[in-house]
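Trainee: The structure follows.
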Amino acid sequence: MTADRRTPALLAVTSIVAIALSASASARAAAQSPAMPPIVQSCPAAYVIGPEDVLDVSVWGNPDLTRTVPVRPDGKISIPLLNDVQAAGLTPMALRERLMKALDEYLPSPVVSVIVREVHSFKVTVIGQVKTPGRYEVKDRPTVLDVLAMAGGLNEFAARNRIVVLRQEPAGTRQIPFPYSRLASKSTAGATGATGQENFCLQPGDIILVP
């Protein structure tokens, strides 16, 4: 797991500033008036393929169709006979089923396997009061605490009870408060671990804002 601190990785910061300020204000208001924690989906059971991932696609008995393919930025892969096939947004099993159905027009009872060789699509960003802000590429489904740890943890100026996760959804940017102080208090008191609703899993493209 590595941090990509090149300038292009943080080009979006300018466009995020207005959202970040709004998120900070919302988080401050939430801290002043207790509210129910937001409903956040638990970690998905299966990996979802994304752009820049590298896949091993094997077609049994057909070496010409068996190859290692990158997922392009548009989310598609190129396969002989089929040309472009949408891969991003599918699990390996779902992509396997799609390829088998498409190849069925050309081959008798095709047997296909899809394996994720390299994961490059899962990137999250941490900005604000952490020791090492930046964009991080991860290989597994991380929780908020996982990525904060990768960023070196909070610095002394961090507002622990105003941390939010910014997530792009079809309806717009969603602001998800993260109860860092409550989780830290549980740890100090020796309480049981955080629930999935509290220390939830991140999604590719999420931004953790630490005011």
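The values are calculated or read from the model by the stated rules, or taken from the named source; none is laboratory data. Note that the structure is predicted; figures quoted are calculated from it, not measured. Note that each Cβ is placed from the backbone with ideal geometry, even for glycine, and that neighbours are counted across all protein chains shown.
Trainee: How many residues does region 67-79 hold that are surrounded by fewer than 13 Cβ atoms within 10 Å (Cβ to Cβ) and assigned to a loop (DSSP other than H, G, I, E, B)?
Mentor: Looking only at that region, the number is 2.
Trainee: Limited to region 40-66, what total is found for residues that are in a strand (DSSP E or B) and among the aliphatic types (A, V, I, L, M)?
Mentor: Counting residues in region 40-66 that are in a strand (DSSP E or B) and among the aliphatic types (A, V, I, L, M) gives 4.
Trainee: Given the conditions (1) crowded, with 17+ Cβ neighbours inside 10 Å; (2) closer than 30 Å to Asn62 by Cα; (3) in contact with a helix residue (DSSP H, G or I) (Cβ under 7 Å, 6 or more places away or on another chain), report the number of the one that Ser113 does not fulfil.
Mentor: That leaves (1) as the condition not met.
For every residue, the table says whether it meets (1) loosely packed, with under 14 Cβ neighbours inside 10 Å; (2) within 19 Å of the chain's Cα centre (by Cα); (3) not charged (D, E, K, R).
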| site | (1), (2), (3) |
| --- | --- |
| Leu103 | no, no, yes |
| Arg117 | yes, yes, no |
| Ala149 | yes, yes, yes |
| Ile163 | no, yes, yes |
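Trainee: Name every residue in region 55-85 that is closer than 19 Å to Leu107 by Cβ and polar (S, T, N, Q), in order of residue number.
Mentor: Across region 55-85, the qualifying residues are Ser58, Asn62, Thr66, Ser78, Asn83.
Trainee: Got at least one residue in region 130-139 being assigned to a loop (DSSP other than H, G, I, E, B), modelled with pLDDT under 95 and under 24 Å from the mean Cα position of the chain (by Cα)?
Mentor: So far as region 130-139 goes, yes, one or more of its residues are assigned to a loop (DSSP other than H, G, I, E, B), modelled with pLDDT under 95 and under 24 Å from the mean Cα position of the chain (by Cα).
Trainee: In the set Val85, Val59, which member is farther than 24 Å from Gln203 by Cα and either at pLDDT 95 or above or assigned by TED's automatic domain parsing to the domain that holds Asn199 (or both)?
Mentor: The unique qualifying residue is Val59.
Trainee: Restricting to region 141-170, name every residue that is part of a loop (DSSP other than H, G, I, E, B) and over 21 Å from Gly75 (Cβ atoms).
Mentor: Listed by number, the residues that qualify are Pro142, Ala151, Gly152, Gly153, Asn155, Glu156, Phe157, Ala158, Ala159, Ile163.
Trainee: Turning to a different aspect of this structure: Cβ-Cβ distance below 7 Å, separation of 6 or more or different chains: which pairs start in region 96-113 with a residue that is of a type in the set (Val, Ile, Thr) and end on one that is assigned to a loop (DSSP other than H, G, I, E, B)?
Mentor: Val111/Trp60
Trainee: Check region 86-98 and report whether any residue there is aliphatic (A, V, I, L, M) and farther than 22 Å from Val48 by Cβ.
Mentor: The answer is no, given that none of the residues of region 86-98 is aliphatic (A, V, I, L, M) and farther than 22 Å from Val48 by Cβ.
Trainee: Among the residues of region 171-211, how many are modelled with pLDDT under 90 and either part of a strand (DSSP E or B) or of a type outside the set (A, V, I, L, M, F, W, C) (or both)?
Mentor: 13
Trainee: Residues of region 101-129 being in a loop (DSSP other than H, G, I, E, B) and either β-branched (Val, Ile, Thr) or within 21 Å of Leu166 (Cβ to Cβ) (or both), which ones?
Mentor: Val111, Val119, Ser121, Phe122, Gln129
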